[in-house]
Amino acid sequence: MKTNVLLWIRQLLCSVLLLLALTTIAADNDTDTDRKVAPSDTLSIEVFGEKELTRICRVEAGGTIVYPLLKSVEVAGKTTTEVAQLIAQRLYDEEFLVNPEVSVNVKDFRQRAVSVLGYVVKAGAIELPPNPERMDIIEAISRAGGIGQLGSENKIEFTRNGKVTKFKLEQLKKETDPKKKIWLEAGDVIYVGQTAF
């Protein structure tokens, strides 16, 4: 009977320690702790007391990382706290570690930006807002200071993955249905052409 009680206490203690580890996992040291991990981000992953599991991992295009013992771990769309909890839980569930304490930090965020070029007031890269916020072409042009004196509202080119589409500003303003608007993605290019003299 004494052995059963000791076994029960040991199991309870392990469960409590796991719960504590999962709730006190370090969050990323970026000030925006709600930012979701995205492809091309670089993560620094540490497991307390397990130096061989400390890794720097780049998030692949499919949103996964390759991590020792666990192979593929889907991380895109999760916060660093959620990623740490997921890795700790998998290390525990797959019986690699009894009480894993995992810390995940974003070492390098992928630059999520679009380029606004041509005849705008301030051409250059415009950073996209964090998910789930979105930005359309009109807002990107506005953030670039608007169309410049020599720019034409009738000559707006939008390029995504090598495909160029031409618009007029008035046409973009008329589209109010969120499902039909063009929501910008990292790498998109907007070019405002010159007005005809």
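The values are calculated or read from the model by the stated rules, or taken from the named source; none is laboratory data. None of the values given here were measured: they were computed from a predicted structure. Glycine also receives a Cβ, built like all others from the backbone with ideal geometry; neighbour counts cover every protein chain displayed.
Only a single criterion out of (1) within 21 Å of Lys122 (Cα to Cα); (2) surrounded by fewer than 16 Cβ atoms within 10 Å (Cβ to Cβ) is not satisfied by Ile138, namely (2).
Inspection of the stretch 88-111 identifies at least one residue that is loosely packed, with under 14 Cβ neighbours inside 10 Å, out of contact with any helix residue (DSSP H, G or I) (no Cβ under 6 Å at 6 or more places or on another chain) and under 30 Å from Thr176 (Cα atoms). Only one of the numbered conditions (1) polar (S, T, N, Q); (2) over 17 Å from the mean Cα position of the chain (by Cα); (3) surrounded by 18 or more Cβ atoms within 10 Å (Cβ to Cβ) is violated by Thr79, and that is (2). So is Leu97 at pLDDT 95 or above and in the same structural domain as Thr42 (by TED's automatic domain parsing) or not? Taking the combined requirement at face value, the residue does not satisfy it.
Number of residues in the stretch 51-62 that are crowded, with 16+ Cβ neighbours inside 10 Å and out of contact with any Ser or Thr (no Cβ under 8 Å at 6 or more places or on another chain): the value is 1.
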